[in-house]
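Peer 1: Submitted below is the structure of interest, expressed as structure tokens.
The values are calculated or read from the model by the stated rules, or taken from the named source; none is laboratory data. Fair warning: this is a prediction, and the values are worked out from it, not measured in the lab. Note: ideal-geometry Cβ built from the backbone for every residue, glycine included; neighbour counts use all protein chains shown.
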Amino acid sequence: MEKLIIKGGKPLEGEVEVSGAKNAALPIMASSLMADGLHVLEGVPNLRDIKTMISLLEHIGSKISWAGDLKITTDNYNADEAPYDLVKTMRASILVLGPLVARLKKAKISLPGGCAIGARPIDLHLKALEAMGAKIELREGYVKVSAPKLHGANITFDKITVTGTENIIMAAVLAEGKTIISNAAREPEVTDLACHLVNMGAKISGAGTDKITIEGVANLRPAKHKIIPDRIEAGTLMMAAGITGGNLKIKNFPVEMLQTAILKLSEAGLHIETGDTYAHVKAGPGLKATNVTTAPYPGFATDLQAQFMTLMSVAEGTCIVTETIFENRFMHVPELQRMGADIRVDGGFAVVKGIKRLRGAPVMATDLRASASLVIAALSAKGTSEIRRIYHLDRGYEAIEQKLSSVGADIVRAPDGDAR
Ligand code: EPZ
């Protein structure tokens, strides 16, 4: 196990570049199962979740090499399943479901099980596949899906689901006839997947809106693709700059993907100058308490909620942070309280009363974005903090300590003998 040791109080200054988006790379990697031949993916971030997806695709039969570009060839299949030991470490493994059913007409996927932030069911994925003609069997913690030939259907998701939308787009691309997905997720990562599938020969329109139409085709060809930058990493870096009183230019990301977050950060007192692909963040004289409610894209991203809460823990005044997407996404609160934060949680609401300054302490990461919120807290706290179980952080942030120390943070990675 490893930990991060951070000495707080250093303003982040300079320029930093954003890596490729994990949540775009994962479905796009899974889509390589849908066409023989060589898929070449550029800008795939070096993250634990990416390595887990590589292991899963290799288990299924893909041949993968990763030197700069990620190259995936899937000409034969050894398995049509995603085993529990892989799925339990990354629920996004469910993204091989749509491709396997579309291509092999069957799949056996370990049920993802819950994670720190919630139950994470896949009922909406399965209901939609059933509507397309798939037979679903739940047995011994696995879901077996089979369909001699998937057919198009009118699918309405009663809840917006990102990977649900992605799975059904992939299933529909090789189904017979037309599929219309209503109440579809509009996240940019869904659009990036659709763009790659169209380059593979799919017929998709409406990606990025809440109504996506797919005309089934007989087969697909492999394609090259550059993964879009990670808007959540960009937003996390903006908040790190804000809380440390910094002056940071965050480059290489489409700013329009973070409009709501930029609006909220400006309301909170950050001075943000933006171009098409950069945001220059300067801390103002102080942070102002600002209410935020998470929502599906283009609303305020749930993946930025924990980081924003840290910012608000040292803002002037009291605000309410409302989490509407996941039922248990306040795991960072007890850890922030150990650093002196004054936060009271009631169901999906957190009342955050700003204090002058957080105090460094040993804290524990519990999930990916909670660990990012603890890093931000430690960067601004008085004294030194140790953040344990940072394998959570490594799932979604590439070379985080290199990036942060390159702009002035006092942060080192060290072995953590205390493997509690
Ligand atoms: C994706 O998860 C992201 N992961 C998450 O990012 C992100 O937080 C989430 O979307 C919301 O934006 C990937 O893209 C790999 P959902 P996903 O299905 O697709 C309920 C990170 O930090 N639901 O949009 O699993 C669900 O319980 C990760 O990078 C059902 O009830 O989320 C939740 O309350 C964490 N039944 C809501 O919908 C279903 O069948 C939204 O979940 C599916 C979902």
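Peer 1: Could you give me the residue pairs with C-beta distances under 8 Å whose first residue belongs to segment 220-239 and is over 13 Å from S19 (Cβ atoms), whose second residue is aromatic (F, W, Y) wherever it lies, and which are 6+ apart or on separate chains?
Peer 2: These pairs meet every condition: M239/F308.
Peer 1: So, in segment 394-413, of the ones that are of a type outside the set (D, E, K, R), in contact with a Leu (Cβ under 8 Å, 6 or more places away or on another chain) and modelled with pLDDT under 95, which residue ends up surrounded by the fewest Cβ atoms within 10 Å (Cβ to Cβ)?
Peer 2: I400
Peer 1: Another one. Looking at segment 376-393, can you tell me whether even one residue there is within 17 Å of V16 (Cα to Cα), modelled with pLDDT of 95 or more and either of a type outside the set (K, R) or out of contact with any Gly (no Cβ under 6 Å at 6 or more places or on another chain) (or both)? Before the answer, list the steps.
Peer 2: Taking segment 376-393 as the starting set, the residues that turn out to be within 17 Å of V16 (Cα to Cα) are 376, 379.
Subsequent filtering for residues that are modelled with pLDDT of 95 or more retains 376, 379.
Narrowing the set further to residues that are either of a type outside the set (K, R) or out of contact with any Gly (no Cβ under 6 Å at 6 or more places or on another chain) (or both) leaves 376, 379.
Yes, that holds for at least one residue.
Peer 1: May I pose another question? Just for segment 344-363: of the residues that are within 30 Å of E187 (Cβ to Cβ) and surrounded by fewer than 20 Cβ atoms within 10 Å (Cβ to Cβ), which one is farthest from the ligand (Cβ to nearest atom)? Step through it out loud before you land on a result.
Peer 2: Filtering segment 344-363 for residues within 30 Å of E187 (Cβ to Cβ) gives 345-352, 363.
Checking the rest, the ones that are also surrounded by fewer than 20 Cβ atoms within 10 Å (Cβ to Cβ) come to 345-349, 351.
Working: V345: 17, D346: 19, G347: 14, G348: 11, F349: 16, V351: 22 Å.
For segment 344-363, the residue satisfying everything is V351.
Peer 1: Check every one of the helices (runs of 4 or more DSSP H) wholly within segment 215-317 and list those with 3 or more residues that are more than 15 Å from the ligand (Cβ to nearest atom) and either over 20 Å from R329 (Cβ atoms) or of a type in the set (S, T, Y) (or both).
Peer 2: Details: elements: 231-243, 259-267, 305-312.
Helices (runs of 4 or more DSSP H) meeting the threshold: 231-243, 259-267.
Peer 1: Moving to a separate point now. Of all residues in segment 214-252, which are within 20 Å of I155 (Cα to Cα) and surrounded by fewer than 17 Cβ atoms within 10 Å (Cβ to Cβ)? First the steps, then the outcome.
Peer 2: Pass one, segment 214-252, residues within 20 Å of I155 (Cα to Cα): 214-217.
Passing the criteria: E215, V217.
Peer 1: Being closer than 29 Å to I411 by Cα and of a type in the set (D, E), is that true of even one residue in segment 317-340?
Peer 2: yes
Peer 1: Would you mention how many residues in segment 346-386 are in a loop (DSSP other than H, G, I, E, B) and either farther than 17 Å from I243 by Cβ or within 22 Å of the chain's Cα centre (by Cα) (or both)? Step through it out loud before you land on a result.
Peer 2: Of the residues in segment 346-386, the ones in a loop (DSSP other than H, G, I, E, B) are 347-348, 354-358, 360-361, 365-367, 381, 383.
Subset that is either farther than 17 Å from I243 by Cβ or within 22 Å of the chain's Cα centre (by Cα) (or both): 347-348, 365-367.
Final tally of qualifying residues: 5.
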